Amino acid sequence: MNAPIGIFDSGIGGLTVAHAIAQLLPNEQIIYFGDTAHLPYGDKSADAIQHYSAKITDFLLQRNCKIIVIACNTASSVAFRMLKNYLADKTPIINVIEPVVRAVVNSHFKHVGVIATKRTIQTNIYPATLNYLQPDLQISALATHAFVTLIEENVHKNKKVLDALIEHYLSNPDFDNIEALILGCTHYPIIKHDIERFFEQHRSNAKAPKIFDSIETVALRVKEVLTERNLLNTETSNTPPIHHFYVSDYTQAFEQTTETFFGQKIRLEHFPIWEMPILDN
Ligand code: DGL
């Protein structure tokens, strides 16, 4: 089916998910919405995030999206159920949490760690979902919000500062024996190798934990759902699809950071969703 994949996030971090989907499904057009006017979601109330997510989902449906991907852990944790009920199975919707949780459970670990924003950790969504599927799994969860700011400000490129922050958070004794670590935030895949290196250096006598980020598992899940529902774009074309990347607040700084998250600089289109007049048509 020649209709776009709709993806949204609180800002531009979800471009990591969009990129993984674009790599796996090069024939599919993407419409992305980053709610930069409300960034970050990680410290907003659940009510506010649900309200934003519903409006953005409407925007993507108006653009004829055949599937909705919530490319934000925070929005997934508080708005997925509500949006799923709202869509009533007419349009499939995928969150960034379930695919990675299933991948971890299928690996049969005994103790895993989760790092995410404050809001995601407060909702307890990762431990609750993991333990629902594997009740005996021990989970250590930690809010590591400063990583988000560090990456958005491009300061993660200063390895001294990044390594100090990784050390500050991940030398937490709760993580001493974890066999896997879930990166429960859209921004964290950017520093995945640095986190891996930290554990390799600090676990000279024991195996470093396996690091799970959600982006590849989510892209695979999108492909699976589109295939099951016969929604994949089967039309062949010599030109690649033209994606659209909308943001609710535009600044040049946002556009410059797209390279960090999407692997290349992309053009952001300003769509002031929160300032639209109420008209019936
Ligand atoms: N996209 C958010 C997440 O994955 C991180 C940024 C924010 O707090 O809005 O949790």
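Bear in mind that the values in this text are calculations on the coordinates, not laboratory data. In this text, all values refer to a predicted model and were calculated from it rather than measured experimentally. Using ideal geometry, Cβ is built from the backbone for each residue, glycine included, and neighbour counts are taken over all protein chains shown.
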The stretch 141-213: helices (runs of 4 or more DSSP H) wholly inside it with 1 or more residues that are farther than 24 Å from GLY263 by Cα and away from the ligand (no atom under 14 Å from the Cβ) are 159-170, 192-202
Matching residues in the stretch 21-54 (within 16 Å of the ligand (Cβ to nearest atom), out of contact with any Cys (no Cβ under 7 Å at 6 or more places or on another chain) and touching a residue at least 12 places away in the same chain (Cβ under 8 Å)) number 18
Note on the stretch 58-87: residues over 14 Å from the mean Cα position of the chain (by Cα) and either among the small types (Gly, Ala, Ser) or within 16 Å of the ligand (Cβ to nearest atom) (or both) are LEU83
Picking from LYS118, LYS110, LYS84, the residue that is touching a Gly at 6+ places or on another chain (Cβ under 7 Å) and among the charged types (D, E, K, R) would be LYS118
The one condition LYS90 fails out of (1) away from the ligand (no atom under 16 Å from the Cβ); (2) part of a helix (DSSP H, G or I) is (2)
query: Looking at GLU224, is it over 14 Å from ALA18 (Cα atoms) and exposed (fewer than 12 other Cβ atoms within 10 Å of the Cβ)?
result: no
Those residues of the stretch 93-136 which are within 19 Å of VAL218 (Cβ to Cβ) and part of a loop (DSSP other than H, G, I, E, B) amount to VAL96, ILE97, ASN106, SER107, THR117
GLU255 vs (1) touching a residue at least 60 places away in the same chain (Cβ under 8 Å); (2) under 22 Å from the mean Cα position of the chain (by Cα); (3) more than 19 Å from GLN23 (Cβ to Cβ): all pass except (1)
